[in-house]
Amino acid sequence: MNQWKNFTKGLIKENPILVLVLGTCPTLAVTTSAVNGLGMGLATTFVLVMSNIFISLLKNLISDNIRIPAYIVIIAAFVTIIDLVMQAYLPDIHESLGIFIPLIVVNCIVLGRAEAFANKNNVLSSTVDGLGMGLGFALALTVMGSIREILGSLSIFGYKFAEGDGILIFVLAPGAFIVFGFLMAIAQKLIKKK
Amino acid sequence: MIIVLGLITAIMGVLLGYVYNVTKDPIAAVQKEKINKAIQEVVPGFDSLSESYRVAALNDPDSLTFFDCYKNGEWMGTAVETFDKNGFSGLIKIMVGFNTNGDIIKTATLKHSETPGLGEKMDNKKSDFSAQFSGKNPDTFKLTVKKDGGEVDAITAATISSRAYCRSLDRAYQAFKAQKGGVQ
Amino acid sequence: MEYVLIIITAIFVNNIVLAQFLGICPFLGVSKKVETALGMGAAVIFVMVLATTVTWLVQTYILGPLGLDFLRTLAFILIIAGLVQMVEIILKKIAPALYQALGIFLPLITTNCAVLGIALLTIQNGYDLGKSVVFATATAIGFTFALVLFAGIREQMETSDIPEGLKGTPIALITAGLLAMAFMGFSGLV
């Protein structure tokens, strides 16, 4: 399989959020700023890559009927690891992502890729797939975080470019849904054109 | 089958334990640093600090943490780590400094998950909401929002967060008064 | 009074789906019909209350005293997955009618982040057992409430004329945004 193609499919064509619509909870909740979106995206990428590697390594060992619990254990372990590491070295981002770090466990993307890809493919392909999917997730999250931050708090990556409060609604819950809705519509349109 | 599952759990357990041990100290250091910074912010100018001690809170099973601050060997104020569990998104943690008269010197937010742009303004880096408490004595300054008949200007559109903030300060003051035997 | 506050806050003001963004997947996935929305809601109420109780006990009597807090995520997700399986088996045996109604929704709940989210939140907020149970119940009711409302709107939308690009999930998300805006009005309640 062409590894480059394997990598890029996660970025756009099969973007986990905008096209596959997996992992919507963190997408909506943590994208109040671009930094948060990026932090969450990278944390998820780490978990995705590591769990993909492990699962593809162990795929011959894990029989079908214990598949799901085994995956959950592996995923939960890596989530806890990234949780601890962020708490130690990136306390500010950890604080603002809060409960959504442990919730990567139930992010359907991670389990979804394990099921759909890692348990059928070799280690290299699975790593590349995890990386592509993870970065696609991070990309979508960062874009959404940027839009909400620009409109809502008149700043980008924490840098304020204008005085005032911005359109507060975009930082609040309704803004998250609406921005997400329009982004997805744009993505659908772009993909159909191709 | 069960062996495989057990094996995976064991490997993951060992890995987790290892990471936990490596990150334990940095995490503790980060948290201590944060607390120390907050104490310096709310009780400026002290040169030594007592060991922290816990004081029972009124109306709640959890206790508050006190840090007595000294300058040239004399007690000059106390930083109290206080909390409220009914913020808009649950728990908030506040550090508040009292001088020897029981006046609030300054307050700082340690932890909150309030709405960005609204309740978030309780953080003194985001708005001057918390500045209104500085120099006030809770015996004469009623620690409830104006809507509830008090004297605190609530954050616009974030009454729940503002109330939680006031409650946490009041909780700290009640404990402080009880601990220090009235005010000197 | 405190309990009343918790209940109102959890259902209306800080609605789990529309304000906290937990459980969006089922919110978008099973909200096409009011009937399935009700079924899913009932299953969530059942599992969430049960899971919160068990995880609270495990945290307070096992993980907390042993200083194993870092295993919380791992332990909780396994407990929830196990509970869901168990409930499924028990229901099948003793209440086949109920199983018929809830059955297909149960496996979906393991990956519903609302259940794990609430289990973790009650620990973070430092609630005692009574408050945890009340909080979990109210939150689950809030979830059902939002889900059923949303399903009602989507049923109506079936027949409306929607611009091509917005068909499907995008328009659902924008509708959810408007619903969330309406729910923000409740914040004046408390």
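Between chains A and C, what is the buried accessible area summed over both chains (1.4 Å probe, protein heavy atoms, nearest 100 Å²)?
2900
Order B:Lys142, B:Lys34, A:Lys59, most accessible first, counting only protein heavy atoms with a 1.4 angstrom probe.
Solvent-accessible surface, decreasing: B:Lys142, B:Lys34, A:Lys59.
Taking amide H positions as placed 1.01 Å from N in the peptide plane, with prolines and chain starts having none, which residues 5 or more places from B:Gly77, or on another chain, fall under 5 Å of its amide H?
Sorted by chain and number, the residues that satisfy this are B:Cys69.
Tell me, what is the 1.4 Å probe accessible area of B:Lys32, in Å² to the nearest 10?
140
Give me a single rounded figure for A:62-68: the average over its residues of other chain Cβ atoms within 10 Å of their Cβ.
3
In Å² (nearest 100), what accessible area is buried between A and B, both sides summed, heavy protein atoms only, 1.4 Å probe?
By this definition, chains A and B bury close to 2100 Å².
Given a cut-off of under 8 Å on Cα pairs at least six residues apart, what relative contact order in percent is computed for the range A:2-193?
So the answer I get is 37 percent.
Using a 10 Å cut-off on Cβ to Cβ distances, tally the other chain neighbours for every residue of B:7-13 and report the average as a whole number. Provide the component values of the computation, followed by the final result.
Numbers: counts 3, 11, 7, 0, 5, 11, 4.
Per residue, the average neighbour count from other chains is 6.
Would you please put C:32-38, C:162-168, B:143-149 in order of how densely packed they are, using the mean number of other Cβ atoms within 10 angstrom per residue and starting with the highest?
C:32-38, B:143-149, C:162-168
Taking 40 Å² as the minimum loss, tell me which residues in the range A:72-90 lose that much accessible area going from the chain by itself to the full protein complex (1.4 Å probe).
Residues passing the criterion (a loss of at least 40 Å², heavy atoms only) are A:Ile72, A:Val73, A:Ala77, A:Thr80, A:Ile81, A:Leu84, A:Gln87, A:Ala88, A:Tyr89.
Count the DSSP beta bridges whose two residues both fall in the protein assembly as shown, then state the antiparallel fraction as a percent rounded to the nearest 5.
Rounded to the nearest five, the antiparallel share is 95 percent.
Measuring with a 1.4 Å probe in the full set of protein chains, what accessible area per residue, in whole Å², belongs to the range C:76-187?
Working: 4760 Å² over 112 residues.
That works out to 42 Å² per residue.
Can you send over the carbon and sulfur percentage of the accessible area for the range A:2-193, probe radius 1.4 Å, protein chains only?
Reported share for carbon and sulfur atoms: 70 percent.
Residue by residue through B:107-114, how many Cβ atoms from other chains fall within 10 Å of the Cβ on average?
Neighbouring Cβ atoms belonging to other protein chains average 2 per residue here.
I'd like to check one number: the per residue accessible area of chain B, probe 1.4 Å, reported in Å² as a whole number.
On the way: 8810 Å² over 184 residues.
Roughly 48 Å² per residue, with all protein chains present.
With chain A treated as a Gaussian network of Cα nodes joined by springs under 10 Å, which of A:Ile178, A:Ile66, A:Ile101 yields the largest mean-square fluctuation?
A:Ile66
Going by the alpha-carbon gyration tensor, a ≥ b ≥ c the square roots of its eigenvalues, is the range B:45-179 rounded (a/c under 1.5) or, if a/c is not under 1.5, prolate (a/b greater than b/c) versus oblate?
prolate
State to the nearest 20 debye the size of the charge dipole of chain A about its Cα centre, where the only charges are +1 on K and R beta carbons and -1 on D and E beta carbons.
Taking the Cα centre of chain A as origin, the dipole is about 920 debye.
With an 8 Å cut-off on Cα pairs and a minimum separation of 6 or more residues, tell me the relative contact order of chain B in percent. Show your work: numbers first, answer last.
On the way: 329 pairs, mean separation 31.5, N = 184.
Here the relative contact order equals 17 percent.
Considering only protein heavy atoms, with the full assembly of protein chains and a 1.4 angstrom probe, order B:Lys177, C:Lys92 by accessible area, largest first. If you can, show how the numbers build up before the last one.
Working: B:Lys177 65, C:Lys92 125 Å².
Largest accessible area first, the list is C:Lys92, B:Lys177.
Within 10 Å, count the other beta carbons around each residue, average over each peptide in B:112-125, B:162-175, and list them highest first. Don't skip to the answer; put the middle values down first.
Working: B:112-125: 21.2, B:162-175: 23.7.
With the highest mean Cβ count within 10 Å placed first, the list reads B:162-175, B:112-125.
How large is the helix-only mean residue ellipticity at 222 nm for chain B, computed as the sum of -39500 (n - 2.57) over DSSP H runs with n ≥ 4, divided by its residue count, in deg cm²/dmol to the nearest 500?
Details: 2 runs with 62 residues, N = 184.
About -12000 deg cm²/dmol.
How do the peptides A:129-136, B:4-11 rank, highest first, by the average count of neighbouring beta carbon atoms within 10 Å per residue?
Most protected by this proxy first, the peptides run A:129-136, B:4-11.
What accessible area, in Å² to the nearest ten, does a 1.4 Å probe give for A:Leu154?
Here the residue's solvent-accessible area equals roughly 40 Å².
Below 8 Å between Cα atoms, with a sequence gap of 6+, how large is the relative contact order for chain C in percent?
44
The values are calculated or read from the model by the stated rules, or taken from the named source; none is laboratory data. Bear in mind that the values here come from a model prediction, so they are computed numbers and not experimental data. Please note: Cβ atoms are built from the backbone with ideal geometry, for glycine as well, and neighbour counts cover all protein chains shown. SASA here: full protein model, heavy atoms, side chains in, ligands and nucleic acids out. Shrake-Rupley method; radii C 1.70, N 1.55, O 1.52, S 1.80 Å.
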